[in-house]
Amino acid sequence: MPEGFDCSGINWRDTARPVRFFFLDARVLWGLLLWAFYMCWETFFMALAAILIFGSIEFFGLTPVAALRSLKIWLFGGERLVENYYFQRRRAQW
C-alpha cells in the first residue's frame, strides 16, 4: 500500500458501483476513444450521440442491458411462445 492511503473507509460492496469517467458512465468511452483516434465531424457526432443516449438511459435509472431488454419487450411483447420439445420433434418429416 502506498503511504497515506487509508483503506478502512472502503467497503467491499463498493465494487458493484458502475465505473465512471468524470461524470460519465465508462460505457461512453468507446465513442470518445473512436473520436480520439479518428478526429472528424462524423465520429464527433457519433460520440456525442453515444453520450446523449447513455446519459438519458442513466437518467431513467437503467443500465444499457436493462434498457435493451425493455426495448425488446416494448417491440415484441413480453410473452414468450414456447412449445414442448416433444411436439417440435414430432413435426419433423424424416
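The values are calculated or read from the model by the stated rules, or taken from the named source; none is laboratory data. None of these values were measured; they are calculated from a predicted model. Heads up, the Cβs are rebuilt from the backbone with ideal geometry, glycines too, and the neighbour counts pull from every protein chain shown.
Could you please find all residues in segment 47-94 being at positive phi and modelled with pLDDT under 65?
First pass over segment 47-94, keeping only residues at positive phi: 61, 77.
Scanning segment 47-94 gives no hits.
The residue that is modelled with the highest pLDDT, among those in segment 1-34 that are aromatic (F, W, Y) and part of a helix (DSSP H, G or I), is W30. For segment 14-53, the tally of residues that are touching a Lys or Arg at 6+ places or on another chain (Cβ under 9 Å) and surrounded by 11 or more Cβ atoms within 10 Å (Cβ to Cβ) stands at 2. In segment 28-39, the residues that are farther than 18 Å from E58 by Cα and free of Cβ contacts under 8 Å to residues at least 40 places away in the same chain form Cβ pairs under 6 Å with partners that are part of a helix (DSSP H, G or I) and aromatic (F, W, Y), at six or more places apart or across chains, as follows: W35/F44. Only one of the numbered conditions (1) modelled with pLDDT of 90 or more; (2) in contact with a strand residue (DSSP E or B) (Cβ under 9 Å, 6 or more places away or on another chain); (3) of a type in the set (A, V, I, L, M, F, W, C) is violated by F37, and that is (2).
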